[in-house]
Amino acid sequence: MDSFTDIFSKPELTKQDILQMLLSDGENRSKLFAKASEVKEKYVGNVVYFRGLIEFSNICSKNCFYCGIRKGNRKVKRYNLPDEQIIEAARFAFESNYGSVVLQGGEIEGEAFTTRIENLLRKIKEVSGGKLGITLSVGEQSPEVYRRWYEAGAHRYLLRIESSNRDLYYRIHPGDETHRFERRLQALYDLREAGYQVGTGVMIGLPFQTSEHLAEDLLFMKKLDIDMCGMGPYIEHADTPLWQYRGQLLPLDERFDLALKMIAILRILMKDINIASATALQAIDPIGREKALKIGANIIMPNITPGQYRNDYKLYENKPCTDEEASDCKNCLEARIHMSGNKIGFDEWGDSKHFSKRIE
Ligand code: 5AD
Ligand code: SF4
Ligand code: FES
C-alpha cells in the first residue's frame, strides 16, 4: 500500500489508490481533504459560482426506483410552472447577479416539450440581454433535440449516469425500454457532440453499491473527460421501491462522509472541472454544502423555484429550503459562502476551465 503522499504525486491514479482514499480515516482522511482543497485553490481558485435552479415541473415519464417524483408515485401533486413564472425566476437570477440558471424538470420527450424549452431558452436570453448562462437538466433526448436546444442558447447540460455500473444501474431502474443504460451513456456522447459542456454524476450510498462501484464511477468520469459533475448522497424516500432496502443502507453520516470523499478525490483526479455542491448534502448536514465547498466543490445551485412549488419537487426526504423563497436562499447562501472561505463569482458564467481547454 502506498502512503498518501506517494499517491498524491502519481500522474495517474489507479482504482486501488482511489479505494484507499475512499476508505481512509483519521490522519489520512484529513490529508485527502487538505490535498483536494489545495488543488481546488490552485486550479479553479476560491471562487464559487451560482446557478439559480428552477425546478420547473415535477411531471416525469420515468420510474426510477429511488426518486420521489417518479411517474408511479400517485401521492405527488404534479405541477408545471407557467412560462411567465419561469421567465420571472430567470429575471430574479439575473437581477441577483447570478451568472447562470439551470432549468430542471422531469424527463419528457416530444415535439411540444422540445418547442417549449426552445422558446424558453430564447426568452431567457432575451430578458437578460444574452448575459445569463443556461444549463439544461431534462434528461435523455435525441441528438436532434440536443442540437436544437444548443442553437436556442443552452450551453451546458447535466445528465447524471446515476451509476456507471450496468448491473447496479438496473437494480435502481426498471429494466424496460424507457430506462436503458446504453441510451443514457449514448446521450452523454451526443451532448458532447452537440457542443455542450457536459456534466454527469452519481448517487452515493445507494443500496447494493460498493466502494468498488464508487471508485469505478470516478474513473468513468475521468475517462469520459467530463466538464462538470454533480453528485451527492442517496437519501431514501418512503414512496419509492428502494425504500424496502433502507435497512441495508450505510448510516446517513457515513453516506455524507463518503460523498465528501468522492468530491475530494474527483477534484484531485480532474483538477479543473466544475464540481457542484449537491443540495442533498444539506439534507443530511445543515452545513453540508459549505463543507463540500471547502474540500473541492466550486458550484452552488441556489433554489429559485417559486416557493409554492418547492414542496412538490421532493426527490428525497428532508430536502432543504422547501419553505423558503428565492430571496431567502440568496441572503442565506451569500453568508454561507463567505463563511466557507470562498468568494462569489457574481455576474460570471463560471464556465468549466476544463471545457475551455478541451476545445482550444
Ligand atoms: N436521493 C438523492 N438523490 C436523488 N436523485 C433522485 N432521487 C434521489 C434520492 N432519493 C437525484 C438523481 C437525479 C437528480 C436530479 O436527483 O441523481 O439525477
Ligand atoms: Fe424522473 Fe429524474 Fe426522478 Fe428519474 S430521477 S423519476 S427521470 S425526475
Ligand atoms: Fe435556501 Fe439557506 S440556502 S434557505
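The values are calculated or read from the model by the stated rules, or taken from the named source; none is laboratory data. In this text, all values refer to a predicted model and were calculated from it rather than measured experimentally. Cβ placement follows ideal geometry from the backbone for every residue including glycine, while neighbour counts extend to all protein chains displayed. Side chains are part of the model used for accessible areas, which takes the heavy atoms of the whole protein and leaves out ligands, DNA and RNA. Shrake-Rupley method; radii C 1.70, N 1.55, O 1.52, S 1.80 Å.
Of the residues Ile124, Ile87, Ile172, the single one that is under 20 Å from the mean Cα position of the chain (by Cα) and surrounded by 15 or more Cβ atoms within 10 Å (Cβ to Cβ) is Ile172.
Is it true that some residue in the range 291-303 is within 16 Å of ligand 2 (Cβ to nearest atom), of a type in the set (S, T, N, Q) and touching a residue at least 60 places away in the same chain (Cβ under 8 Å)? Yes, the conditions are met somewhere in the range 291-303.
Scanning the range 304-324 for residues that are away from ligand 2 (no atom under 16 Å from the Cβ), open to solvent by 10 Å² or more (accessible area, probe 1.4 Å) and in contact (Cβ under 8 Å) with a residue 24 or more places away in the chain returns Pro306, Asn318, Pro320, Cys321.
Residues in the range 14-65 that are acidic (Asp, Glu) and farther than 30 Å from Gln141 by Cα were compared, and the one that is nearest to ligand 3 (Cβ to nearest atom) is Glu41. Of everything in the range 207-225 that is in contact with a helix residue (DSSP H, G or I) (Cβ under 8 Å, 6 or more places away or on another chain) and part of a loop (DSSP other than H, G, I, E, B), the residue that is least open to solvent (accessible area, probe 1.4 Å) is Pro207.
Let's see how each residue does on (1) within 16 Å of ligand 1 (Cβ to nearest atom); (2) modelled with pLDDT of 85 or more:
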{"residue": "Asn303", "(1), (2)": "yes, yes"}
{"residue": "Pro306", "(1), (2)": "no, yes"}
{"residue": "Leu315", "(1), (2)": "yes, yes"}
{"residue": "Cys321", "(1), (2)": "yes, yes"}
{"residue": "Leu333", "(1), (2)": "no, yes"}
{"residue": "Asn342", "(1), (2)": "no, yes"}
{"residue": "Glu348", "(1), (2)": "no, no"}
{"residue": "Asp351", "(1), (2)": "no, yes"}
{"residue": "Arg358", "(1), (2)": "no, no"}
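Is it the case, given these coordinates, that Asn46 is over 21 Å from Ile134 (Cα atoms) and near ligand 2 (Cβ under 10 Å from one of its atoms)? Let's see the steps before the verdict.
On the way: over 21 Å from Ile134 (Cα atoms): yes; near ligand 2 (Cβ under 10 Å from one of its atoms): no.
It is false that Asn46 is over 21 Å from Ile134 (Cα atoms) and near ligand 2 (Cβ under 10 Å from one of its atoms).
Tally the residues that are surrounded by fewer than 24 Cβ atoms within 10 Å (Cβ to Cβ) and more than 15 Å from ligand 1 (Cβ to nearest atom), restricting the search to the range 154-169. Going through the range 154-169 one residue at a time, the tally reaches 3.
Out of Lys291, Lys271, I need the residue that is within 23 Å of Leu159 (Cα to Cα), open to solvent by 20 Å² or more (accessible area, probe 1.4 Å) and either within 16 Å of ligand 1 (Cβ to nearest atom) or more than 15 Å from the chain's Cα centre (by Cα) (or both). Which one?
Working: Lys291 fails: within 23 Å of Leu159 (Cα to Cα).
Selected residue: Lys271, the only one of Lys291, Lys271 that is within 23 Å of Leu159 (Cα to Cα), open to solvent by 20 Å² or more (accessible area, probe 1.4 Å) and either within 16 Å of ligand 1 (Cβ to nearest atom) or more than 15 Å from the chain's Cα centre (by Cα) (or both).
Given the structure, is Glu177 of a type outside the set (A, V, I, L, M), away from ligand 2 (no atom under 16 Å from the Cβ) and surrounded by fewer than 21 Cβ atoms within 10 Å (Cβ to Cβ)? No; evaluated as a whole, the condition is false for this residue. Residues that are within 21 Å of the chain's Cα centre (by Cα) and open to solvent by 20 Å² or more (accessible area, probe 1.4 Å) within the range 227-249 comprise just one, Glu236. Scanning the range 23-77 for residues that are open to solvent by 30 Å² or more (accessible area, probe 1.4 Å), of a type in the set (Gly, Ala, Ser) and over 22 Å from His354 (Cβ atoms) returns Gly26, Ser30, Ala34, Ser61, Gly72.
Between Leu258, Leu269, the distinction of being touching a strand residue (DSSP E or B) at 6+ places or on another chain (Cβ under 6 Å) and more than 18 Å from Val101 (Cα to Cα) belongs to Leu258 only. Selection of the range 58-84 for residues being within 21 Å of the chain's Cα centre (by Cα) and among the polar types (S, T, N, Q) yields Asn58, Ser61, Asn63.
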